[in-house]
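In what follows, a structure is listed as structure tokens, so that the remarks can point back to it.
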Amino acid sequence: MNNISSGAYADLRGVKLWFTDTGGAGVPIVLLHPNTGTVEIWQPQIAAFADHHIRVTKEASKGRTTIRAAVLTGAERSVEIARMLGGASPSPEAAAHADEMLRRARATSSA
């Protein structure tokens with residue numbers, strides 16, 4: 001597959017399982033959510049394990065819309081994952097959790 005996330009359903013003994021494939025060659029990661037949840041709860045984890053993290057922002061002002069995309073690395077990536085976990089003003093705990101997620105993702109990918 002290519003590096004663009006795609007999704008589909010897999011039929012597994014009467015259960016439809018939604019999956020996305022980012023085109024990586026590594027070991028698959030399975031993230032399950034509760035029956036009342038959606039895949040959105042896993043976005044911070046997906047961001048931590050992804051090879052690239054791109055933040056896309058949209059701003060409308062004076063009748064014009066501007067869209068920007070920025071590749072995040074290092075501290076920027078950690079700050080963005082903390083924001084995904086804790087909202088617009090993430091707590092120190094969310095920031096520490098983001099750092100830990102990135103550390104574990106690096107350790108897993110180098111194993």
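The values are calculated or read from the model by the stated rules, or taken from the named source; none is laboratory data. If you're wondering where the values come from, they're calculated on a predicted model, not measured in any experiment. Note: ideal-geometry Cβ built from the backbone for every residue, glycine included; neighbour counts use all protein chains shown.
Only one of Ile46, Ile41 is surrounded by 10 or more Cβ atoms within 10 Å (Cβ to Cβ) and under 22 Å from Ala25 (Cβ atoms); which? Residue meeting the stated conditions: Ile46.
Which ones in the range 52-111 are assigned to a loop (DSSP other than H, G, I, E, B) and within 22 Å of Gly26 (Cα to Cα)? Before the answer, list the steps.
Looking only at the range 52-111, we keep the residues that are assigned to a loop (DSSP other than H, G, I, E, B), and these are 52, 62-63, 73, 87-91, 111.
Across the range 52-111, the qualifying residues are His52, Thr73, Ala111.
Condition check ((1) under 16 Å from the mean Cα position of the chain (by Cα); (2) within 30 Å of Tyr9 (Cβ to Cβ)) across all residues:
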{"position": "Pro44", "(1), (2)": "yes, yes"}
{"position": "Ala69", "(1), (2)": "yes, yes"}
{"position": "Met84", "(1), (2)": "yes, yes"}
{"position": "Ala96", "(1), (2)": "no, no"}
{"position": "Leu102", "(1), (2)": "yes, no"}
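Residue pairs whose Cβ atoms lie under 9 Å apart, separated by 6 or more positions or on different chains, with the first residue in the range 13-27 and under 18 Å from Thr108 (Cβ atoms) and the second acidic (Asp, Glu), are Thr22/Asp51; Gly24/Asp51. Does the range 64-74 include one or more residues that are surrounded by 12 or more Cβ atoms within 10 Å (Cβ to Cβ) and either of a type in the set (Lys, Arg) or modelled with pLDDT under 85 (or both)? Within the range 64-74, none of the residues are surrounded by 12 or more Cβ atoms within 10 Å (Cβ to Cβ) and either of a type in the set (Lys, Arg) or modelled with pLDDT under 85 (or both).
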